[in-house]
Amino acid sequence: MNNSPRVVALILSYSRSVSELGALVKSLEEAGVEPFVVPTSSRVESSLEGTGIPYRSIRANPGFGAALTLAQEQVGAWDWLMPVNDDVEVHSDELRAEVATWQGRPPGQLVYLDQGPRKKIPGVANVLGQVSLWGGVASRLKLVLRAKLFRTRPSVQRLAEQPTFKPFSIVAFDRDLWNRLGGFDRRLIYTFEDADFGRRAIEMGAEVSYPTLRGLDHLRSGTSRKYPETVLPVAAWSAAMYLITMGLPPRRARYLCAVASVGRMFVVPWVDIPKTSHSKGIVRSAIHLLRGKPPTLPSYDQP
């Protein structure tokens, strides 16, 4: 009798080709994971019909957390859930060995599989810095000044003592943690979902691990650069909702993010995003935040 946990991978896909999705599905299957593509555009969904690639239709593009919530309801009972971006490449042997270690673990597990560096759970200043884009400028300036004036490097020990997370490009958690957290906060439509989930998991006492998998790579797509007019307002709104989850009053959170969005105008000329679309996205961000009206992501039916 096979008592292995059922590990379900949900691959959120907006624009990947059938061949790319098929390769990712095959790699996950070879790793002992049960994958399902979750198309968030009608073009991707129609391209999957008749291919044999397993998928679950939600016929919407509601955002990361909402899409995963809808899809996991369609796949039946699962023991572990593995959200996967469609721009991830997986080495089956290494992932299979890691998945094998999950059997018998105590409940309340969060496993970060993205091989990028850990990040500090963002606070108010970090959030506003990301919305305005001035956070990156300030960080680089700080590192340069520290290196030149003090000849020091960031402390690895100091980072280890701080609550950290990794992007949810590929991550896994067990059913117990999902139930205890109540899943994703669906107010966070696009961005900060991973930070919010990770922060709440840490506060709840989850066991968090960061295994090293040399054969896993995140190619990092550019959705926000491709659709800045629609994606930027959603990202700014999600930032405000994240600040609310941290305890800021709703109106203050939205107004702070509106100001940060307007501050982004000063860096438009130096960012590799079409300037007109970028500017329109900034204006729309501020309008939605000031009016208190949630924006939406690109339509499921958008070409």
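Tell me the angle of helix 134-145 to the major Cα principal axis of the chain, expressed in degrees between 0 and 90 and rounded to the nearest ten. For helix 134-145, the angle is close to 80 degrees.
Can you compute the modelled spin-label distance between K119 and S42, with each label point 7 Å from Cα toward Cβ, in nm? Computed distance between label sites K119 and S42 equals 3.3 nm. Pairing the Cα long axis of helix 250-263 with the longest principal axis of the chain, what angle in degrees results, from 0 to 90 and rounded to the nearest 10? In the chain, helix 250-263 runs at an angle near 70 degrees to the longest axis.
Using the average count of surrounding beta-carbon atoms within 10 Å as a protection proxy, the listed peptides 21-30, 178-187, 62-71 rank, highest first, as 62-71, 21-30, 178-187. For region 94-122, list residues with backbone N below 17 Å from a point placed 7 Å from the Cα of I202 toward its Cβ? Only 109-114, 116-122 pass the distance filter.
With point charges of +1 on the Cβ of Lys and Arg and -1 on the Cβ of Asp and Glu, referenced to the Cα centre of the chain, which listed residue (G205, H218, G292) lies farthest in the positive direction of the dipole? The listed residue farthest towards the positive side: G292.
The count of lysine pairs in the chain whose Cα atoms are under 17 Å apart, excluding pairs fewer than 8 places apart on the same chain, comes to 7.
Compared with the direct C-alpha span, the chain from A97 to D79 gains 4.8 nm at full extension, assuming 0.36 nm per residue.
The dipole here belongs to region 1-121: it is taken about the Cα centre, uses +1 on the Cβ of Lys and Arg and -1 on the Cβ of Asp and Glu, and is about 400 debye. Rounded to the nearest Hz, the phi-derived 3J(HN,Hα) couplings of region 192-207 under the Karplus curve 6.51 cos²θ - 1.76 cosθ + 1.60 (θ = phi - 60°) are 6, 5, 5, 5, 5, 4, x, 4, 5, 5, 5, 4, 8, x, 5, 8, where x marks glycine and proline.
Projecting the Cα atoms of T40, T51, H91 onto the dipole axis of region 20-96, where Lys and Arg carry +1 and Asp and Glu carry -1 at the beta carbon, places T40 farthest toward the positive end.
Each value in this text was obtained by applying a stated rule to the coordinates, not by laboratory testing. All figures in this text were calculated on a predicted structure; none of them were measured in a lab. Glycine also receives a Cβ, built like all others from the backbone with ideal geometry; neighbour counts cover every protein chain displayed.
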